[in-house]
1. Taking the conditions exactly as written (in contact with a Pro (Cβ under 9 Å, 6 or more places away or on another chain), of a type in the set (D, E, K, R) and surrounded by 11 or more Cβ atoms within 10 Å (Cβ to Cβ)), does ARG59 satisfy them or not?
2. Quickly run through segment 1-22 and pick out the residues that are of a type outside the set (A, V, I, L, M) and outside any helix (DSSP H, G or I).
3. Show the residue pairs meeting these rules: Cβ distance below 7 Å; 6+ apart or different chains; first residue within segment 138-149 and in contact (Cβ under 8 Å) with a residue 40 or more places away in the chain and closer than 14 Å to GLU49 by Cβ; second residue open to solvent by less than 90 Å² (accessible area, probe 1.4 Å) and assigned to a loop (DSSP other than H, G, I, E, B).
4. Residues in segment 101-112: is at least one without any contact (Cβ under 8 Å) to a residue 12 or more places away in the chain and either in contact with a Cys (Cβ under 8 Å, 6 or more places away or on another chain) or more than 30 Å from PRO30 (Cα to Cα) (or both)?
5. Counting only residues that are within 21 Å of LEU131 (Cα to Cα) and open to solvent by 50 Å² or more (accessible area, probe 1.4 Å), how many does segment 64-97 have?
6. State whether one or more residues within segment 24-38 are of a type outside the set (Phe, Trp, Tyr), modelled with pLDDT of 85 or more and outside any loop (DSSP other than H, G, I, E, B).
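The values are calculated or read from the model by the stated rules, or taken from the named source; none is laboratory data. Keep in mind the model is a prediction, meaning the values are calculated, not measured. Positions of Cβ are backbone-derived with ideal geometry, glycine not excepted, and every protein chain shown enters the neighbour counts. We work out accessible area using only protein heavy atoms, side chains counted, and drop any ligands, DNA or RNA first. Shrake-Rupley method; radii C 1.70, N 1.55, O 1.52, S 1.80 Å.
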Amino acid sequence: MPPIPGSGLAKGLAVTLRTMTKRAHTAQYPEVQPELPPRSRGVIGLFEENCTVCMLCARECPDWCIYIDSHKETVPAATPGGRERSRNVLDRFAIDFSLCMYCGICIEVCPFDALFWSPEFEYAETDIHELTHERDKLREWMWTVPAPPALDPGAEEPKEVAAARKAVEKGEAAAAAEAAAAAQAAATPPADGTPDTPAGGTA
């Protein structure tokens, strides 16, 4: 059966009429801030202390929007006769958000947990060149990163926590063994068989 002429127009007008009878909900931004999902991808925060300047994030970035500069410093030997070591010192860490496509590859490949997603999204600029944010700004965004979700109760204990717990338990066991040995030595009489007498007393 061929369609009735004008049926599509009638359906469209019906949708329009139904929408006109509903009240529109308008969020009064910026007075009312939106409620963002917990895993929102706003900007990337930098935890500078964890960065080892391995350059992995910059190499894996498909947009080449991460700029890193560093220099090497010599670390004196920790022990006499030891060997001096060199370490990388971060000079510059910048991200050009006019190029970033928010894929999150840099965060995934970072082996030292130096990059995190922040839900912060208010970083608009009037000049596109000002969208390249340096490490000071990235560090400010680090403090807006939400706390990680709680672990599954049935999940395996993290290796770091397990190692720390075992070290504490080992120390407590050693201290208890020393205390027990000291108590046993105090309770054991001398080998010559003479009883212990207090100073100045009579046997």
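1. So ARG59 does not fit the description; no.
2. PRO2, PRO3, PRO5, GLY6, THR21, LYS22
3. MET142/PHE47
4. Checking segment 101-112: at least one residue is without any contact (Cβ under 8 Å) to a residue 12 or more places away in the chain and either in contact with a Cys (Cβ under 8 Å, 6 or more places away or on another chain) or more than 30 Å from PRO30 (Cα to Cα) (or both).
5. 5
6. no
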